[in-house]
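The values are calculated or read from the model by the stated rules, or taken from the named source; none is laboratory data. Because the structure is a prediction, the values reported are computed rather than measured. Because the Cβ atoms are built from the backbone with ideal geometry, glycine has one as well, and the counts that use them run over all protein chains shown.
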Amino acid sequence: MTEQVKSSRMLVVRALAFAALVMLAFAYVSPTWWVSLKAPQYPEVAFPQGIRIHFHMDGVFNGCKKVDVAEKQEDEALNCKHEMDAINHYVGMYPIAAGGPVERLLSPFVFSLLGLMIVVFVLPGRKLRTVVMTVGGVAIAGWMSVSLYTPGGHEYLSPNYVSDVASTMDLDPEEYATWSGVQMMQEGYDEALGRYFRQRDVINHRVEVMTLATHIAYGGLIGAMLLLIVGVGRFRPIYWLTIVVPILLPAFFIVDYAGWLWWFGHSLNEMGAFTLKPFMPTVLGQGKVAQFATYSYPHYGYGLLVASSVLLAFAALLRRKHIIETGDDS
């Protein structure tokens, strides 16, 4: 094999990884999944997409658009996130903001680390990989620590996340100016749990659990970065983790999403106006709860995640072939 062929192959690997990295960045700022409720009291002519919300990596947002028809005149689009919360609370279901509080809080650091791992995977030379992983890891760890644990640290979180929490709680900026990231998660989660069901013992316990989960996740990310810093230039399995983990991101999302849906359906509050048996909400496709038809499908952001994963898989296969044929894994 000529040097030109070797160089061309690695150029393709790096091009695939770069394209995947761009898609990953766009996926983060795009809607990942959408959910809609339809019922007779929401006629299609006035609610063509039903009561719809969009899940992003860093928040949950209104998916309804302004509709002007004879049956319904709007000055602005209906806030379908609030509408869905109001519908769900009748059967004892907690507001949507009660799901994934730690994931939404930590999402910018997780995605930054995934991007760093992709970059490290395609860099030539073990020493360079270790240096870049060290510098990038320290930067992410410092950013995360300041954001989560210092007064006013919320300013360094995702703007979408901050906006989602503040608008849901109807707060002015001065009201949360001194909040750290952890405090913002605690306050937002407390408000979500207590919006309709004001059971302080239950709320306090759940907030304590999510606070502990945040600390554990923070420690886990720090530990993962230390492992990569120490091992990416020394141990082949750790080097391959830098590409395998980003490849599996779409699967991780589905597992996490399904887990939270299970929690919503199996944590129905007894204070709801109507009683339902615990159930598993629809993860993908169409379902039915009482008189409501439910729809749950991937949005284009999830398509970007899958496309990024596919490109990274091709890059990994080419890289593996290169190592097998040349013996060069430096």
Review point. Would you call GLY142 over 30 Å from VAL12 (Cα atoms) and at pLDDT below 95?
Key: no
Check your understanding: Taking region 160-170 as the search range and keeping residues that are surrounded by fewer than 18 Cβ atoms within 10 Å (Cβ to Cβ) and out of contact with any strand residue (DSSP E or B) (no Cβ under 8 Å at 6 or more places or on another chain), which one is nearest to PHE61 (Cα to Cα)?
Key -> SER167
Review point. Within the group TYR239, TYR302, which residue is at pLDDT 90 or above, in a helix (DSSP H, G or I), of a type in the set (Ser, Thr, Tyr) and within 30 Å of SER7 (Cβ to Cβ)?
Key: TYR239
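Every residue, every condition in (1) within 20 Å of VAL120 (Cα to Cα); (2) out of contact with any strand residue (DSSP E or B) (no Cβ under 6 Å at 6 or more places or on another chain); (3) of a type outside the set (Val, Ile, Thr); (4) touching a residue at least 24 places away in the same chain (Cβ under 8 Å), yes or no:
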residue	(1), (2), (3), (4)
LEU276	no, yes, yes, yes
PRO281	no, yes, yes, no
LYS288	no, yes, yes, no
THR294	no, no, no, yes
LEU304	no, yes, yes, yes
ALA313	yes, yes, yes, yes
ALA316	yes, yes, yes, yes
GLY327	yes, yes, yes, no
Practice item. Could you identify the single residue in PHE61, PHE121 that is assigned to a helix (DSSP H, G or I) and either modelled with pLDDT of 85 or more or within 30 Å of ILE140 (Cα to Cα) (or both)? Key: PHE121
Check your understanding: Does VAL207 satisfy the criteria of being β-branched (Val, Ile, Thr) and either under 16 Å from GLU103 (Cα atoms) or not in a helix (DSSP H, G or I) (or both)?
Key -> yes
Practice item. Considering every residue within region 175-183, establish whether at least one is assigned to a helix (DSSP H, G or I) and either under 18 Å from the mean Cα position of the chain (by Cα) or touching a residue at least 60 places away in the same chain (Cβ under 8 Å) (or both). Key: yes
Study note, to complete from the structure: Restricted to region 196-220 and to residues being charged (D, E, K, R), within 25 Å of TYR90 (Cβ to Cβ) and at pLDDT 90 or above, the residue surrounded by the fewest Cβ atoms within 10 Å (Cβ to Cβ) is ASP201
